[in-house]
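Read through the structure below, which is laid out as C-alpha cells, and then see the notes.
Read-outs: derived from the displayed coordinates by stated rules, not from any lab. Worth saying up front: this structure is predicted, and the values here are computed from it rather than measured.
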Amino acid sequence: MLFLIALHSQRRHMNVSCPSNAACPLPVSVNRSSSFGDCIIAVQRPTKFVVDFDNGLDEVDTGPSYRGPPIHTFSIFVNPRMVAPNQSDPDVIVIPAGEPVPTWIQPNKTLVFGPGEHRLQPSLVPKGKWPVYTLPSQVYVYIPVDAILYFAMVGRADETISIGGYGHLSGEEMPRCHFPYDDQRSRSSTDPANTTCDNNSPQGLTLVNVAAASVTGITFIDFPNHHMILGTNGNAKANCLYSTISNVKVFGWRANGDGLHVFGLWHVRDLFMRTQDDSMYMQFQSKAPPAGCAGTTFDGITTWNDANGAAFMLLGTTATLTNSVVVYARASWPWWSGACHFHKPCAGCRRAWCALCEKLAVPFDTM
C-alpha cells in the first residue's frame with residue numbers, strides 16, 4: 001500500500017529522516033515541485049519518520065528561556081484501518097453530539113459517540129467537580145476520528161473495559177483548580193491569598209484494578225494531571241491475563257501531564273507521546289510476575305519530552321522495551337542533570353530493571 005502526503009512550506013530546507021538521524025532504511029521518498037513549498041512524501045510501508053523544517057528543533061533550545069518566534073510542529077499518523085461499528089445494528093447505541101451520555105448500558109452492547117463535540121450533562125458533574133464518565137463494563141466504547149470528548153473516563157474494579165476508535169479525549173477545558181469554587185483550593189500559611197491549588201484533576205483515562213482492558217487508537221489532549229493510569233487486578237496477574245493498549249497518542253503541554261503508567265500485565269505497542277513531563281513508567285509494581293508470565297512488554301514507543309522528566313521511568317519489576325525511539329528529550333530542571341532517556345527516580349525506590357532493551361534510537365545531542 002502506498003500513502004501520499006502533500007505538504008506546503010515556505011521554509012528553505014526540509015529533511016525527512018529517521019528520528020535522531022539513526023542509520024536505518026526509510027521506505028520514504030520526497031518529490032519537490034519547487035525550491036519553495038510543495039512536495040509529496042510517499043510512504044511505501046508502515047514506518048516512523050520525522051519531517052524537520054530548517055532543523056528548528058534540533059538546533060534551538062525551545063525550553064522556558066526561549067524568547068524567539070514560534071516554532072511550529074505537526075504530526076501525521078498513518079494508522080491501521082479500524083472498522084467502525086454498524087450503526088444499524090440493534091446492539092449499537094449512537095450518542096449524537098450534544099445529547100446526554102447514558103449512565104448505564106447493558107453488557108455486550110456497543111456505545112458510539114457521534115461526530116462533533118461531546119460534554120457531560122450537568123447532572124453528571126457536581127458543582128466544583130471535574131467531568132468524569134464512568135465506563136460501562138463489557139461494553140465496547142467507540143470514538144470515531146471526527147469526535148472529541150471534553151471529559152475524562154474511569155473504569156472501576158473487576159470490570160472489563162474496551163475502548164477503540166481514532167477519536168479524541170480532551171482535557172483542554174479542565175483547569176487545575178475549580179475556580180471560582182474556593183472549597184476546592186488549597187489553603188496554607190505560605191499562600192494566604194489562596195492563589196494556588198492542589199492538582200487533583202482526573203487523568204484522561206483511569207482504570208482502577210479492572211479485570212481486563214483493551215484501549216486502541218485514542219488521542220489524548222492536554223490533561224493537567226497525567227493522561228493514562230491503567231491498572232488491572234490481582235486475579236489478572238495471577239492468571240497471566242494481559243491487557244492491551246495500542247496506536248494511542250498523547251499531546252500534553254502542561255506540567256505533570258505524564259503520558260502513561262501501567263500496573264499489572266500489559267502489552268503496550270505503537271504509542272506516540274509528546275509530554276512536558278515523564279513519557280512513560282515502564283512498570284509500576286513491587287512483585288515480579290508469576291512463573292510463566294513474561295512481564296509487561298513495550299514495543300514501538302515514540303516519546304517527545306519538552307521540558308521536564310524522562311522518556312522511560314524505571315520503577316518496579318521486569319519489563320521489556322523494544323523498537324522504540326526518543327525524538328526529543330529536554331530538561332529545564334537542574335536535578336535532572338540534563339536530558340535523560342532512562343531514569344530511576346531515587347536510591348530508596350523499589351528495585352528496577354529492564355529485562356530486555358533493544359533496537360532503541362535516542363538522540364545524544366539533545367539539549
Under the Karplus curve 6.51 cos²θ - 1.76 cosθ + 1.60, θ = phi - 60°, whole-Hz ³J(HN,Hα) for segment 133-147, x wherever Gly or Pro sits = 9, 7, 5, x, 7, 6, 10, 7, 9, 10, 10, x, 5, 9, 10
Given N residues in segment 98-184, what is Rg(Cα) / (2.2 N^0.38 Å)?
-> 1.14
Distant-in-sequence amide H partners of Val139 (H built 1.01 Å from N, under 5 Å) = Asn108, Ser162
Interchain or long-range residues, amide H under 5 Å from His226's placed H | Gly257, Asp258
If amide H atoms are modeled at 1.01 Å from N in the peptide plane, then the residues at a separation of 5 or more from Asp299, or on another chain, having amide H under 5 Å from its own are Val268, Arg269, Asp270, Thr322
